[in-house]
Amino acid sequence: MYDVIVIGAGNGGLVSALTLQRQGKKVLLLEKNAEVGGVATSFVRGRFEFEASLYGFFDYGVKEQHGALYDLFEKLHLTDKIDFESTKEVQIVTSNEKYRLPFGIPNFLRQMEEYVPGSSSSIERFLEWGKEASSVLSYLMDSPFEEAIILEKFPHFAIFASLSTLEGFEKLEIPKKAQELLSTFWIYFGSPIKMLSFVHFASFFYSYICNGGFIPKERSHAISLLLAEEFEALGGTIRCLSKVQEILLQEQEISGVLCEDGELFYSKHLIANMSPNQFYGSLLPMESRTKRMNQICNARTIGPRSLVVYLGLNKSATDLGLHHYCYFFPDCFDLNLNYKDLSFCRKDGVAYVLNQVNSNGSVSNTTILCLEMIFFDSSSNVFSESNYFEKKNEMARELIEIFENTLHVDIQSSIEEIEIATPVTFAYYTGHPDGTHFGYMARGYDNLMARFLHETEENYLKNMHFCGSFGSLLSSYHSSYLSGYRAAINTLKDIGTEGEIYEREC
């Protein structure tokens, strides 16, 4: 009998398990794959080790100026066990335009004023509101939502709480060209700014510009392994290759899980690092599924899908003309972009040159380059069993050519290793609906504040909580880690008073 069973050893599940184990609970962590980490892993092809999905922590920082993720890792006693490299800027590039956006608020404001004269004062207000939005979220992580207190502590919250990002831009009278540059970052959220909440975008953007981006020197899988090692060192149990087949219930309350290999594990408390679609649709006995469970799965829009091309190049980044870490290459600037416009025909991409932030990312005179394009077409509309390999190679070739033509560089002649991940790849590995790794799309009632404040309404079983990219904090490494911690705290409260004590101590 375990105090808690955690299903899924991705970012959220690992943090949940470690947090609970640190409080002396007996925890079992079940993972269907052969190793922990979920998408926070790496793989080797030839002489290159590729990062599967992480391209930067946006809310980490340093001890003197730290963000929420630093605070979390400090609570878990991990900050002195992980080495990071920091990124300095991002590039936005089209075929005839190039913009450099540096980190650090003074530098960022100066650069934006140079590109869009007269924009710095409105963008400075935007960052101030972003700081306040970030503070609101931090406050609500530890405190209940009480409107009078919130409005007293955060005077602008009533103004921007219900706005979309685009409406926020207009409210602040940010010039159109500046709006276009800022909106390029929508690709990090998988939801166009016309739909994405201002609180979500502005809090992210403030933290990103203020603290910069951070990359673990040993890739994200090193963090996954560290979390697992710390968990096991405290007495926790990890069972890989243990896919859960069914949730066991007694009188509609959790009693344990049945794995595909026939093993039974018992607990009255459960954390699911997976989508509600998987949990309610596949793991619960048919007779236990309710109308509300079906509604929660059907009402939301699945986030975008990704094509990712991992390239090991046999020249240095400098020789290839790749002088920066992060490049956005939008198909065009479109403030009114709707997710229905994002079919496979539109080519919005982002590229990462690992060696520009980690000089030891690959052997001397080589480069690791990752290209990602996102789209909202169902994978079944793009791929079929008969055309899969031909289609993914065609898509990868086109993405490489778009990147080459946009930056005016030659990549293809230097390719030594190439790997292509499609939504089919991610679906096979993660089990996420249609292979998305963005969770549900942030729009309307499914935006951050609504999901965050109504998260308990998604838990239709007593003593069960979700975490990960489909959780109430939405998608990103940062959100998945924090949602894992939040699920653990809520589980401790379910068990007794330990969670409240632990929360105060932290």
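The values are calculated or read from the model by the stated rules, or taken from the named source; none is laboratory data. All values derive from a computational prediction rather than experimental measurement. Every residue, glycine among them, receives a Cβ derived from its backbone with ideal geometry; neighbour counts consider all protein chains shown. Note: areas computed on protein heavy atoms with side chains; ligands, DNA, RNA excluded. Shrake-Rupley method; radii C 1.70, N 1.55, O 1.52, S 1.80 Å.
Could you work out, for the stretch 1-117, what percent of all Cα-Cα pairs fall into each 10 Å distance bin, beginning at 0 Å and stopping at the bin that holds the largest distance?
10, 27, 29, 20, 10, 3, 0
Compute the separation of the alpha-carbon centres of the stretch 328-374 and the stretch 72-145 and state it in Å as a whole number.
Centre-to-centre (Cα) distance: 19 Å.
Net charge near Asn314: determine it from the other residues with C-beta under 14 Å of the C-beta of Asn314, scoring Lys and Arg +1 and Asp and Glu -1. Kindly include the intermediate steps, with their values, before the conclusion.
Numbers: positive: Arg45, Arg47, Lys315; negative: Asp319, Asp410, Glu416, Glu417.
Result for the local shell: -1.
Nearest 5 percent is fine: what portion of the DSSP beta bridges confined to the chain is antiparallel?
Beta bridges within the chain, antiparallel portion: roughly 75 percent.
Add -39500 (n - 2.57) for each DSSP H run of 4 or more in the chain, then divide by its residues: what number comes out at 222 nm, to the nearest 500 deg cm²/dmol?
So the helix-based figure for the chain works out to -11000 deg cm²/dmol.
Just to be sure I understand the rule: take each whole DSSP H helix in the chain, project its Cα atoms onto its long axis, keep it if the span is 24 Å or more and its mean Kyte-Doolittle hydropathy is at least -0.5. Which ones pass?
120-142, 477-495
Within 13 Å, Cβ to Cβ, of Ile420, how many net charges do the neighbouring residues add up to if Lys/Arg are +1 and Asp/Glu are -1?
Cβ neighbours under 13 Å give a net charge of -2.
Report the one residue of Met464, Val36, Ser414 whose Cα lies farthest in the direction of the positive end of the charge dipole of the chain (charges on C-beta: Lys and Arg +1, Asp and Glu -1; origin at the Cα centre).
Sorting the options by dipole projection puts first Met464.
Could you do me a favour and compute the accessible area per residue for the stretch 52-153, 1.4 Å probe, result in Å²?
Per residue, the stretch 52-153 has 50 Å² of solvent-accessible surface.
Can you give me the three principal axis dimensions of the stretch 382-506 from its C-alpha atoms, in Å, biggest first?
Taking max minus min along each principal axis of the Cα atoms, the stretch 382-506 gives 61, 33, 29 Å.
Normalised by the empirical 2.2 N^0.38 Å for globular proteins, what value does the Cα Rg of the stretch 89-229 take?
1.16
Whole-Å semi-axes of the stretch 146-255's equivalent ellipsoid, largest first, each the root of 5 times a Cα gyration tensor eigenvalue? Show your work: numbers first, answer last.
Numbers: eigenvalues 306, 105, 53 Å².
For the stretch 146-255, the semi-axes come out at 39, 23, 16 Å.
Work out the length of the dipole vector of the stretch 1-66 about its Cα centre, built from +1 on the beta-carbon of each Lys and Arg and -1 on the beta-carbon of each Asp and Glu, and round it to the nearest 20 debye.
180
For the stretch 312-462, what's the relative contact order in percent, using C-alpha pairs closer than 8 Å and at least 6 residues apart?
23
Consider the candidate values [x] 67, 51, 47; [y] 55, 52, 47; [z] 64, 57, 44; state which one is Cα extents along the principal axes in Å computed from the structure displayed.
For Cα extents along the principal axes in Å, the calculated option is [z].
With +1 assigned to the C-beta of every Lys and Arg and -1 to the C-beta of every Asp and Glu, and no other charges, what is the dipole magnitude of the stretch 441-492 about the Cα centre in debye, to the nearest 20? Please list the in-between numbers first.
Working: 4 positive and 4 negative charges, 14 e Å.
So the magnitude is around 60 debye.
Going down the table (Lys25/Lys493; Lys217/Lys243; Lys75/Lys131; Lys347/Lys391), which pairs top 19 Å between alpha carbons?
On the way: Lys25/Lys493 13 Å; Lys217/Lys243 31 Å; Lys75/Lys131 22 Å; Lys347/Lys391 16 Å.
In this structure, Lys217/Lys243; Lys75/Lys131 exceed 19 Å between Cα atoms.
Pull out the extension gain between Glu167 and Ile415, defined as 0.36 nm times the separation in residues minus the alpha carbon to alpha carbon distance; nm, one decimal.
This chain segment gains 84.9 nm when fully extended.
Over the chain, what is the relative contact order in percent, taking alpha-carbon pairs closer than 8 angstrom and at least six residues apart?
This gives 23 percent for the chain.
Let me know the charge dipole size of the chain about its Cα centre in debye, to the nearest 20, where only the beta-carbon of Lys, Arg (+1) and Asp, Glu (-1) is charged.
Approximately 320 debye in magnitude.
Show me 307-314, 481-488, 258-265 ranked by packing, highest mean number of other Cβ atoms within 10 Å first.
For the peptides 307-314, 481-488, 258-265, the packing ranking is 481-488, 307-314, 258-265.
Going by average Cβ neighbours within 10 Å, how do the peptides 461-474, 361-374 rank, with the highest at the top?
Ranked from most to least packed, the peptides come out as 461-474, 361-374.
With a 1.4 Å probe and every protein chain kept in, tell me what percent of the accessible surface of the chain is carbon plus sulfur.
Heavy-atom surface of the chain belonging to carbon and sulfur, 1.4 Å probe: 47 percent.
Relative contact order for the stretch 5-135: what percent, with Cα pairs under 8 Å and sequence separation of 6 or more? Mind dumping the intermediate values first?
Details: 111 pairs, mean separation 14.6, N = 131.
Worked out over the stretch 5-135, it gives 11 percent.
In whole Å, what three semi-axes, largest first, describe the equivalent ellipsoid of the stretch 167-221 built from its Cα gyration tensor (square root of 5 times each eigenvalue)?
So the equivalent ellipsoid measures 25, 12, 10 Å along its semi-axes.
Compare the Cα positions of Leu249, Ile82, Gln111 along the charge dipole of the chain (+1 at Cβ of Lys, Arg; -1 at Cβ of Asp, Glu; about the Cα centre) and return the one farthest towards the positive end.
Leu249
Determine the distance separating the Cα centre of the stretch 206-257 from the Cα centre of the stretch 399-476; give it in Å without decimals.
Value for the Cα centre distance between the two parts: 17 Å.
Mind grabbing the base-10 log of I(q)/I(0) for the stretch 253-394 at q = 0.16, 0.21 Å⁻¹? Debye formula, identical points on the C-alpha positions, no solvent, two decimal places.
So the normalised log intensities work out to -1.00, -1.20.
I want the local charge near Met464. Using Cβ-Cβ distances under 15 Å, sum +1 for each Lys or Arg and -1 for each Asp or Glu among the other residues.
Overall, the nearby charge balance is -2.
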